[in-house]
Amino acid sequence: MTYCLGIVTRHGLVMAADSRTNAGVDYISTYQKLFDFSAPGDRVILLCSSGNLSITQAVLNVLEQDLRLQASENLHSTATLYDTARYVGNKMRQIQQQERGWLEKDGIDFKCTLLLGGQVRGEAPSLFMIYSQGNFIQATTETPFLQIGETKYGKPILDRTLSYETALEDAAKVALLSIDSTMKSNISVGPPLDLVLYEAHSLRIKHQVRLRSGDPHLVKMRQLWETSLREAFERMPSLDWDSYAQKGE
């Protein structure tokens, strides 16, 4: 399993991903899931991948090949990020059409999902989720984040803290807490963690980091978060059982 997250705000974009994959409890590996295809000064293109590893790797290889061979349509030639999402979706559809029959024959789940985030010169930063079928949805000002993979454990903190006006540094903080909450509850998600912070209209990646297991910042963040949650829990009022018993009478 995996967990990848994209956050888009008025101020830019944050993308984050873990690096753990597993094919059963006795076969756990590390693979990069956050990729930078940017052309500094013209566009920022970030992709996160989740799902069948052979399919996602094939899609990424085709995207790289189109860039290398300067195909008529590639990640650096599309006019908008919407067009980029459509182009990536078409490539994913083509790869799955080629491989689907053989994978289905052996009962292998071939589905995968991608997050596409970035900015093309002349438009605002945006974020898309591209499904296995090649179609996609876009993050909005009302819901400024998208998740793929093991999403349920990391979603509550995003719902409670994020808005389109959130500062980028705070968005990055929330992204790490969201992934840490997922790692705490699901062993199939784990470090190293890749994190990218993109400032709107800069058209280049200035801040990116890989945080490995035992990283001092991750350790401190988890300790402070768990302490804060315990303190908040202890301040919660207990249920007044007697008052409810009287109402029941």
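The values are calculated or read from the model by the stated rules, or taken from the named source; none is laboratory data. Quick caveat: nothing in here was measured; it's all calculated off a predicted structure. All Cβ positions, even for glycine, are placed from backbone atoms using ideal geometry, and neighbour counts span all protein chains on display.
Among the residues of the range 130-159, the one identified as in a strand (DSSP E or B) and farther than 16 Å from S50 by Cβ is Q138. Does any residue of the range 186-209 turn out to be in a helix (DSSP H, G or I), among the hydroxyl-bearing types (S, T, Y), at pLDDT below 95 and more than 23 Å from G12 (Cβ to Cβ)? Taking every residue of the range 186-209 in turn, none turns out to be in a helix (DSSP H, G or I), among the hydroxyl-bearing types (S, T, Y), at pLDDT below 95 and more than 23 Å from G12 (Cβ to Cβ). Looking across the range 210-249, just one residue is in a loop (DSSP other than H, G, I, E, B), surrounded by 10 or more Cβ atoms within 10 Å (Cβ to Cβ) and hydroxyl-bearing (S, T, Y), and that is S213. Looking at the range 214-249 only, could you name the residues that are of a type in the set (D, E), farther than 21 Å from K173 by Cβ and modelled with pLDDT of 95 or more? Hit for the range 214-249 is E234, nothing else. How about the range 39-50: which of its residues are touching a Lys or Arg at 6+ places or on another chain (Cβ under 9 Å) and surrounded by fewer than 20 Cβ atoms within 10 Å (Cβ to Cβ)? P40, G41, D42, listed by residue number. Here is the figure for the range 175-199: residues that are surrounded by 24 or more Cβ atoms within 10 Å (Cβ to Cβ), among the polar types (S, T, N, Q) and under 16 Å from S29 (Cα atoms) total 0.
Looking at the range 5-86, the strands (runs of 3 or more DSSP E) lying wholly inside it that each contain 1 or more residues that are of a type outside the set (A, V, I, L, M) and in contact with a Cys (Cβ under 8 Å, 6 or more places away or on another chain) sit at 34-36, 43-51.
Conditions (1) farther than 17 Å from T151 by Cα; (2) at pLDDT 95 or above; (3) among the aromatic types (F, W, Y), marked per residue:
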position	(1), (2), (3)
V14	no, yes, no
R20	no, no, no
T30	yes, no, no
F35	yes, yes, yes
V44	yes, yes, no
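Could you grab me the full set of residues in the range 58-72 that are surrounded by 11 or more Cβ atoms within 10 Å (Cβ to Cβ) and among the aliphatic types (A, V, I, L, M)?
If the condition is that a residue be surrounded by 11 or more Cβ atoms within 10 Å (Cβ to Cβ) and among the aliphatic types (A, V, I, L, M), then A58, V59, L60, V62, L63, L67, A71 are the ones that fit.
E123 meets all of the listed conditions (1) without any contact (Cβ under 8 Å) to a residue 60 or more places away in the chain; (2) outside any helix (DSSP H, G or I); (3) closer than 27 Å to G190 by Cα but one, namely (3).
Listed here are the residues, each with its yes/no results for (1) in contact (Cβ under 8 Å) with a residue 60 or more places away in the chain; (2) closer than 19 Å to F35 by Cβ; (3) of a type outside the set (S, T, N, Q); (4) touching a strand residue (DSSP E or B) at 6+ places or on another chain (Cβ under 9 Å).
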| residue | (1), (2), (3), (4) |
| --- | --- |
| S77 | no, yes, no, no |
| E104 | no, no, yes, no |
| T113 | yes, yes, no, yes |
| Y131 | no, yes, yes, yes |
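Please verify whether A175 is in contact (Cβ under 8 Å) with a residue 60 or more places away in the chain, touching a His at 6+ places or on another chain (Cβ under 9 Å) and either within 30 Å of A39 (Cα to Cα) or among the aromatic types (F, W, Y) (or both), treating the condition exactly as stated. No. Go through the residues of the range 207-219 one by one and say whether even a single one is closer than 16 Å to I7 by Cα, touching a Pro at 6+ places or on another chain (Cβ under 9 Å) and not hydrophobic (A, V, I, L, M, F, W, C). No: the range 207-219 contains no residue that is closer than 16 Å to I7 by Cα, touching a Pro at 6+ places or on another chain (Cβ under 9 Å) and not hydrophobic (A, V, I, L, M, F, W, C). Between L158, L146, the distinction of being at pLDDT 95 or above, surrounded by 21 or more Cβ atoms within 10 Å (Cβ to Cβ) and more than 19 Å from T84 (Cα to Cα) belongs to L158 only.
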